[in-house]
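The values are calculated or read from the model by the stated rules, or taken from the named source; none is laboratory data. Quick caveat: nothing in here was measured; it's all calculated off a predicted structure. Because the Cβ atoms are built from the backbone with ideal geometry, glycine has one as well, and the counts that use them run over all protein chains shown.
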Amino acid sequence: MSSNSFGKLFTVTTFGESHGPAIGCVIDGCPPGLAIAPEEFRRDLTRRATGTSKYTSQRHETDDVEILSGVFEGQTTGTPIALLIRNTDARSKDYDEIRDVFRPGHADYTYWHKYGIRDHRGGGRASARETTMRVAAGVIARKWLAQKFSITVRGWLAQLGPLTPKAFDWNAVDANPFFWPDAGSVPELEKYIDALRKAGDSIGARVNVVADNVPPGWGEPIYGKLDGELAAALMSINAVKGVEIGAGFEAVVQRGSEHRDEMRLDGFTSNHAGGILGGISTGQAITASIALKPASSILIPGRSVNVRGEETDVRTKGRHDPCVGIRATPIAEAMMALVLMDHALRHRAQCGDVGDVEPKIPGYAKR
């Protein structure tokens with residue numbers, strides 16, 4: 001299997017399967033001297049983890065990070081950083097009945113045709129379990145970006161099925177299991193998910209992510225566009241079927257006089273471009289949004305075929321999310337941080353001698 005790495009100077013390679021002995025990643029290109037300890041991974045891995053509330057899959061993994069290389073006496077050395085997380089709560093027997101059946105909406109059928117073999121246990125390499133290592137790598141990127149540029153990367157659940165927030169408060173996002181920015185409407189989400197679970201069905205979601213304090217000038221104008229690589233990184237997350245940068249598809253109905261982000265010496269007047277023009281950061285907030293499909297592993301029987309070419313019905317048992325978007329916020333944050341760190345290093349390598357260029361227009365914070 002190829003294409004398990006992404007990034008050019010800050011490169012992350014992940015490995016492992018959902019029900020294998022362990023999952024892991026190798027991070028190459030991290031500058032030396034960054035203080036990092038195993039306990040620093042706990043917060044974001046817990047935010048992504050299953051089993052932390054009754055509204056997600058009840059698989060309980062400890063997600064303890066083992067740092068195998070690249071860190072000496074608590075600091076990165078500039079050599080490859082190898083991280084390992086052992087799987088401790090896999091229940092492979094839950095998948096015995098679908099060993100020879102292609103689950104509709106999953107990668108079973110496409111894996112079978114590409115490789116001629118597939119790991120039926122929880123989806124194998126196609127499982128969202130793989131994103132655990134993206135979040136772990138993102139912890140390193142977020143810390144470096146914060147120390148060097150005061151960059152913050154934050155996300156929230158912006159829509160769950162037909163439900164949208166009626167208010168916005170950053171303090172509410174990490175205070176509930178949904179990453180929902182409106183504390184007052186959390187009970188409505190709880191009721192909706194409870195009903196969905198009882199029906200044995202699932203629903204889609206939308207997650208927004210924003211990076212503040214990104215300097216202007218990051219990105220490349222043609223094949224290394226910052227928005228292009230950010231879109232690819234976000235689209236690589238399991239279940240993502242759509243990505244928007246800035247106004248996204250709303251630009252279809254906007255006039256040019258409305259969409260263009262006019263500039264004044266005291267700042268941009270809007271941020272429809274999502275902080276990126278011509279593939280290069282403007283100094284405004286980088287904003288993106290992802291649409292996640294409803295989970296296909298549900299209790300409602302569906303029609304399919306098996307490896308012998310026979311039609312059959314499939315009903316997925318085991319522990320699954322009624323809405324995969326609930327746990328997607330820290331994953332989206334990690335992917336944005338990884339892309340930004342890679343571009344920060346690429347910009348420093350080619351254009352580090354350019355220095356500040358005037359005029360520098362302040363960013364526009366509204367999103």
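Annotations
- Some residue of the stretch 107-126 being under 15 Å from the mean Cα position of the chain (by Cα), surrounded by 16 or more Cβ atoms within 10 Å (Cβ to Cβ), modelled with pLDDT under 90 and closer than 24 Å to K241 by Cβ: yes
- If you filter the stretch 209-232 down to residues that are of a type in the set (G, A, S) and in contact with a His (Cβ under 9 Å, 6 or more places away or on another chain), you find that the one that is farthest from G279 (Cα to Cα) is G217.
- Flag for D212 being among the acidic types (D, E) and modelled with pLDDT of 95 or more: yes
- Within the option set A146, A183, A175, being among the small types (G, A, S) and either surrounded by 18 or more Cβ atoms within 10 Å (Cβ to Cβ) or over 27 Å from F41 (Cβ atoms) (or both) holds for one residue only, A183.
- Considering the stretch 175-193, the residues that are in a helix (DSSP H, G or I) and among the charged types (D, E, K, R) include one that is farthest from P322 (Cα to Cα), namely E188.
So that you can scan it fast, the table gives a plain yes or no per residue for (1) touching a helix residue (DSSP H, G or I) at 6+ places or on another chain (Cβ under 8 Å); (2) touching a residue at least 24 places away in the same chain (Cβ under 8 Å); (3) not small (G, A, S):
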position	(1), (2), (3)
D169	yes, no, yes
A172	yes, no, no
N176	yes, no, yes
P187	no, no, yes
I203	yes, yes, yes
D212	no, yes, yes
A231	no, yes, no
A247	yes, yes, no
R255	no, no, yes
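- Evaluation of V209 against (1) surrounded by fewer than 16 Cβ atoms within 10 Å (Cβ to Cβ); (2) hydrophobic (A, V, I, L, M, F, W, C); (3) part of a strand (DSSP E or B) (one fails), failing number: (1)
- Residues in the stretch 257-287 that are in contact (Cβ under 8 Å) with a residue 60 or more places away in the chain and not in a loop (DSSP other than H, G, I, E, B): M263, R264, G267, F268, I280, S281, I286, T287.
- In the stretch 21-42, of all residues being touching a residue at least 24 places away in the same chain (Cβ under 8 Å) and assigned to a helix (DSSP H, G or I), the one that is nearest to I67 (Cα to Cα) corresponds to P38.
- Residues (surrounded by 20 or more Cβ atoms within 10 Å (Cβ to Cβ) and among the acidic types (D, E)) located in the stretch 1-43: E17
- A single member of K191, K198, K225 is among the basic types (K, R) and in contact (Cβ under 8 Å) with a residue 12 or more places away in the chain, and it is K225.
- When the stretch 291-311 is limited to residues that are modelled with pLDDT under 95 and not in a loop (DSSP other than H, G, I, E, B), the one that is surrounded by the most Cβ atoms within 10 Å (Cβ to Cβ) turns out to be S304.
- Identity of the residue in the stretch 212-231, among the hydrophobic types (A, V, I, L, M, F, W, C) and not in a helix (DSSP H, G or I), that ends up farthest from the chain's Cα centre (by Cα): I222
Here is a yes/no grid of residues against (1) at positive phi; (2) modelled with pLDDT of 95 or more; (3) part of a helix (DSSP H, G or I):
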site: S289; (1), (2), (3): no, yes, no
site: I326; (1), (2), (3): no, no, yes
site: P330; (1), (2), (3): no, yes, yes
site: L338; (1), (2), (3): no, yes, yes
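- Failed condition for T56, given (1) more than 17 Å from A334 (Cα to Cα); (2) assigned to a loop (DSSP other than H, G, I, E, B); (3) modelled with pLDDT of 95 or more: (3)
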